[in-house]
Amino acid sequence: MPGLTPPQPTPSAPAMSDLRIGVVGFGARSPLAEHAHRPGEGSRITVVADPSERGKEMAREQLGEDIALVEDVDQLLAGNDVDAVMILTPDYAHAGVALKTLEAGVATFCEKPMAIGIEDTDAMLAMARDKRARLYIGHNMRHMPVVRQLKEIIDSGRIGRVRAIWCRHFVGAGGDFYFKDWHAERDKAMSLLLQKGAHDIDVIHWLAGGYTRRVSGIGDLAVYGDITDRRDNSDRRMGDWYDEDTWPPTAQKELNPVIDVEDISMLSMTLDNGVLASYQQCHFTPDYWRNYTVIGDAGRIENMGNDGGDQIHIWESRRSGPGRPDAVEVIERAEGWHGGADPRLVAEFLRFARDGGSTEVSAIAAREAVATGVRGAESIRSGGVPFEVPAVPEDVRAYFDGGQA
């Protein structure tokens, strides 16, 4: 389908030197760094900061023996000349690291969620603008074929003006992914409406063309809080304990000692352009996928799966019905994690770090996703009371929406 795939990276001209990239945190999202390590083709990882021996060993194995290895971002910035930094740490460390790289004037890739507090996201925006340091947030779903094709259908006007969006996120791997380490703790994750929900909230905002200004929610720790088999897994990583044959969810073992985030959450959102949206997230379903329903005033669309070869159904007449859409669009196949989104994400960041300019990923939208998730979690924990979501000041929004020029 034309217009869906961003320009792919091409080998740099011989005269173009490689961007020197530093990486902070070499864990679960380290494959992103591998996409940036293309010596002789425009970018190379030159230094990795990780306090753990395991992280350093992974960096050596994946990137080579000539990579410099340090303990933290302070050592990275003090002892190495880098053109850009990729922050791939746990969520709770994002803001602290980013404020240092941005203050140093270094182009910064920060994995999503941008931070786990609204104040931190706003501090990151302020630092990036004050220091004129390019800030890019790793919202890879803006590069996923399923999302891009949904947006193209919307932008074509085929279903009219968007009036409502519903998203259901079935997180079938929730027990293994989020309840055996720091993700299960409010102090370190705030809520899974950030770690998982920031993706979906950002997509909702992008498809709707607006941002949430009022949110209310309900939720519960319905399943994993009752499991008493606990273990401190700080000596392991998710690959050490993941077992897709564990079922039902109540059979999970060795959960994190502290679990105080919800395993089921439901949000209702009112956007600044009048669009109404809902988001449901459940971490104990048997299936693992996202379903977006977009309702316009001349039709609706819905994805039946997220992967290449799955389908988007389009209803645009009163003669359609269950299982009988008026049209079907097949989701594009692409190579790479997350439906091919990860290599496209890194390619866009590298281009942005070198040349600047507009990007599909938006720092303002990343902040708005965090703000909505935070206020949504606060609503859940306050009995469903609606919360206002503070907007970004117009001058700040204009700067970032203008390409940080």
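The values are calculated or read from the model by the stated rules, or taken from the named source; none is laboratory data. Fair warning: this is a prediction, and the values are worked out from it, not measured in the lab. All Cβ positions, even for glycine, are placed from backbone atoms using ideal geometry, and neighbour counts span all protein chains on display. Ligands, DNA and RNA are excluded from the accessible area calculation, which covers all protein heavy atoms including side chains. Shrake-Rupley method; radii C 1.70, N 1.55, O 1.52, S 1.80 Å.
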Test: Thr228 is open to solvent by 60 Å² or more (accessible area, probe 1.4 Å) and in contact with a Phe, Trp or Tyr (Cβ under 9 Å, 6 or more places away or on another chain): no
Residues of region 351-405 that turn out to be of a type in the set (A, V, I, L, M), in a helix (DSSP H, G or I) and within 20 Å of His199 (Cβ to Cβ), as a count: 10
Failed condition for Gly239, given (1) surrounded by 14 or more Cβ atoms within 10 Å (Cβ to Cβ); (2) at pLDDT below 95: (1)
Per-region count, region 167-180, residues in contact with a Cys (Cβ under 7 Å, 6 or more places away or on another chain) and open to solvent by less than 10 Å² (accessible area, probe 1.4 Å): 1
Unmet criterion (only one of (1) under 19 Å from the mean Cα position of the chain (by Cα); (2) farther than 23 Å from Pro31 by Cα; (3) among the basic types (Lys, Arg)) for Lys112: (2)
Counted residues, region 243-275 - those being surrounded by 15 or more Cβ atoms within 10 Å (Cβ to Cβ), among the hydrophobic types (A, V, I, L, M, F, W, C) and not in a loop (DSSP other than H, G, I, E, B): 6
Per-region count, region 297-307, residues assigned to a strand (DSSP E or B), under 22 Å from Met141 (Cα atoms) and in contact (Cβ under 8 Å) with a residue 40 or more places away in the chain: 3
Residues of region 308-325 classified as at pLDDT below 95 and either part of a helix (DSSP H, G or I) or exposed (fewer than 15 other Cβ atoms within 10 Å of the Cβ) (or both), total: 7
Qualifying residues in region 143-166 (those that are open to solvent by 40 Å² or more (accessible area, probe 1.4 Å) and either modelled with pLDDT under 95 or in contact with an Asp or Glu (Cβ under 8 Å, 6 or more places away or on another chain) (or both)) - the one farthest from His199 (Cα to Cα): Arg158
Only one of Ser43, Ser52 that is surrounded by 21 or more Cβ atoms within 10 Å (Cβ to Cβ), under 25 Å from the mean Cα position of the chain (by Cα) and either at pLDDT below 95 or of a type in the set (S, T, N, Q) (or both): Ser43
Breaking point among (1) out of contact with any strand residue (DSSP E or B) (no Cβ under 6 Å at 6 or more places or on another chain); (2) touching a residue at least 24 places away in the same chain (Cβ under 8 Å), for Glu262: (1)
Near pairs, Cβ below 6 angstrom, 6+ apart or cross-chain, from region 43-68 (within 21 Å of Leu350 (Cβ to Cβ)) to any residue that is of a type in the set (A, V, I, L, M, F, W, C) and open to solvent by 40 Å² or more (accessible area, probe 1.4 Å): Val48/Leu69
Subset of region 181-201 that is open to solvent by 10 Å² or more (accessible area, probe 1.4 Å) and either basic (Lys, Arg) or in a helix (DSSP H, G or I) (or both) - its residue that is nearest to Arg318 (Cα to Cα): His199
Ile116 vs. criteria open to solvent by 10 Å² or more (accessible area, probe 1.4 Å), hydrophobic (A, V, I, L, M, F, W, C) and in a loop (DSSP other than H, G, I, E, B): yes
Residue ID - nearest to Asp355 (Cα to Cα), chosen from residues in region 96-113 that are surrounded by 24 or more Cβ atoms within 10 Å (Cβ to Cβ) and touching a Ser or Thr at 6+ places or on another chain (Cβ under 8 Å): Thr108
In region 262-321, residue farthest from Leu194 (Cα to Cα) [restricted to those that are under 21 Å from the mean Cα position of the chain (by Cα) and among the small types (Gly, Ala, Ser)]: Gly308
Region 70-90, subset within 19 Å of Met58 (Cβ to Cβ) and open to solvent by 50 Å² or more (accessible area, probe 1.4 Å), residue nearest to the chain's Cα centre (by Cα): Asp72
Residue satisfying all of: in region 126-141; in a helix (DSSP H, G or I) and buried (at least 24 other Cβ atoms within 10 Å of the Cβ); nearest to the chain's Cα centre (by Cα) among these: Asn140
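Residue-by-condition table, conditions (1) at pLDDT below 95; (2) part of a loop (DSSP other than H, G, I, E, B):
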position	(1), (2)
Pro11	yes, yes
Ser17	yes, yes
Val23	no, no
Gly27	yes, yes
Pro31	yes, no
Val47	no, no
Meets criteria (farther than 30 Å from Arg44 by Cα and in contact with a helix residue (DSSP H, G or I) (Cβ under 7 Å, 6 or more places away or on another chain)) for Glu302: no
